[in-house]
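In what follows, a single structure is set out as structure tokens and then discussed.
The values are calculated or read from the model by the stated rules, or taken from the named source; none is laboratory data. What you see is a predicted model, and the numbers here were worked out from it, not measured in a lab. Cβ atoms come from the backbone with ideal geometry, glycine included; neighbour counts cover every protein chain shown. The accessibility values were calculated without ligands, DNA or RNA, using every heavy atom of the protein model including side chains. Shrake-Rupley method; radii C 1.70, N 1.55, O 1.52, S 1.80 Å.
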Amino acid sequence: MSARNYPYIIPEPCKHLVDYKLKHGLKGYTLIRDLLKCSPHGRTMIDKSKSEMPRCSFCSGYYGRFFMCLICSSVTCCITPESNHTLLHSESVGGHQIAVDMERAELYCCVCCDQVYDPEFDKAVMGKHLMVLPRSGNGLVGGGQMRLSKRKRLDFGCDLDSKSVKRMVLRRKQRSKSSLPVGLRGLNNLGNTCFMNSVLQALLHAPPLRNYFLNDMHNHESCRNSSVGRLCLPCDMDVIFSAVFSGEKTPYSPAKFLYSWWQHSENLASYEQQDAHEFFISMLDRIHEKLGKANPAVKENGDCQCIAHRVFSGLLRSDVTCTSCGFTSSTYDPCIDISLDLNTSTSFATDLASKPSKPNETLVASSLAGCLDLFTRPEKMGSDQKLYCDNCHEKQDALKQMSIKNLPLVLCLHIKRFEHSPIRKMSRKIDRHLQFPFSLDMRPYLSSSIVKKRFGNRIFSFEGEESDVSTEFEVFAVVTHSGMLESGHYVTYLRLRNQWYKCDDAWITEVDDEVVRAAQCYLIFYVQKVFHPKGSEDLSCQPMSSPADLFVPIAGCC
């Protein structure tokens, strides 16, 4: 399949970077490449061994995050937004606005105070990777001509026999010089895209989704949309899966996926920071638009069989009960995630007299079990939400209670950390710590359990109840948010072979359980225990089940 020029809608890049390139060209990129150092894990940074310990040219300090100016090579630090000597350098020396993060080897705009992406700089970094790769006896770089060819084809959209490559990846045990498992690969920040990288890392390691794409159940080469030059987000996902599970350890740049997502979500097409949860919802919606709505079977029975819904869709039940006669009205709504309120003891919207908490003030921790209990707890509806009771034939006060009718294969729990007060006309981030289990039993929150509890367990059978339903889940990914409401950083923690890995854009590092438990979780991904591999299993050589065994159809998901 030949490469095509898709009509991507690409937001305007940082104007300071544009001005720099117009004046200086790519000279700075070439000079920086000679200073780069590549670690065995694929991390790229400025080689500090060639010089003394870096110190800030303003404060002579050696703490914080260091940046090297692309024009004068001055090193400056940025500890906090209030102590940003990199910004001071750009203000004191005209035109010195673009620098390089010394630890991450990423472009940084000193004026915008943010990472910026340039494909030409990315090529310079990748060129360094190719230069330092070991050569075999026949002169081929790295793991041989096949791997290098695959890398080029994935990056530039040329011909690729993905079926044979994926079969090789899935059924042949790959051994890397790195201790990282196959499929664990950093993603370059393309300019404030940590929200995208964090969600992609979680989706890439969702077992049912991974099995779907690595079994060629959607192939970007044979897809009809791709063959006629149409944009297809599932095809872009297929390319990312192929790249991440190719065995390469150098960070991957999902630029084409980002451009395609911009095309599908033009209202979010910008280099500004986005919300990880909104990106997750938007991405699954776009996949459904391509795979679900095109299936005529969806219109006949209402059950969508697209991969997004087969993996993430569940069914919520809402019971509204008349407090006068006890009549209950039940409705069912599909969901691809569950948003949970932190069970805080104070209300931000009504606590007008309270003083803002001190930064070092210890907050009482919440628990995931408490959040789920709060979600399924009966709630009295307001006076303006009275229920018209079919039994009383008039509006009455009512209680509303939520429960889960059907559980998905992969359960995404969204923790509401951003709260808005209409009274104060302001928003804040809730920094309260959340305790969550690695193993979770969702049976207490099923509709059958909630209704039985409501009637004192006097009901021995429940409509639609199945005794063999799987309610035990294992956590495999946690997306965390650090920083303030207006700005912050997303990081994903992945659990593979009972070992946790921190995925911080291009950086991949092993961490202990305590580090994950202490993080401010924003999205928690659980998978049904039957899909969670044991700690001793190697993901790269697991036998793939047949398509019929991979998924359980979920009713009412469209």
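Applying a threshold of 6 Å to beta carbon distances and a minimum spacing of six or more residues, or different chains, the list of pairs starting in region 497-508 at a residue that is acidic (Asp, Glu) and ending at one that is assigned to a strand (DSSP E or B) reads ASP504/VAL491. Strands (runs of 3 or more DSSP E) fully within region 64-121 that include at least 2 residues being closer than 28 Å to TYR259 by Cβ and in contact with a helix residue (DSSP H, G or I) (Cβ under 6 Å, 6 or more places away or on another chain): 98-101, 107-109.
Total residues in region 509-527 satisfying the condition of being surrounded by 19 or more Cβ atoms within 10 Å (Cβ to Cβ) and either in contact (Cβ under 8 Å) with a residue 60 or more places away in the chain or in the same structural domain as ARG104 (by the TED database) (or both): the figure is 8. Counting only helices (runs of 4 or more DSSP H) that fall entirely inside region 157-258 and contain at least 3 residues that are open to solvent by less than 20 Å² (accessible area, probe 1.4 Å) and at pLDDT 85 or above, the qualifying elements are 194-204, 207-214, 233-244.
Inside region 86-111, can you point out the residues that are among the small types (Gly, Ala, Ser) and either crowded, with 20+ Cβ neighbours inside 10 Å or under 29 Å from the mean Cα position of the chain (by Cα) (or both)?
Initial filter on region 86-111 (among the small types (Gly, Ala, Ser)): 90, 92, 94-95, 99, 105.
Matches in region 86-111: SER90, ALA99, ALA105.
Scanning region 331-377 for residues that are at pLDDT 60 or above and among the small types (Gly, Ala, Ser) yields SER339, ALA365, SER366, SER367, ALA369, GLY370.
Note on region 63-77: residues that are modelled with pLDDT of 85 or more and either over 23 Å from LEU31 (Cα atoms) or open to solvent by 30 Å² or more (accessible area, probe 1.4 Å) (or both) total 4. Just one residue in the set GLU300, GLU272 is surrounded by fewer than 23 Cβ atoms within 10 Å (Cβ to Cβ), part of a helix (DSSP H, G or I), acidic (Asp, Glu) and at pLDDT below 85; that residue is GLU300.
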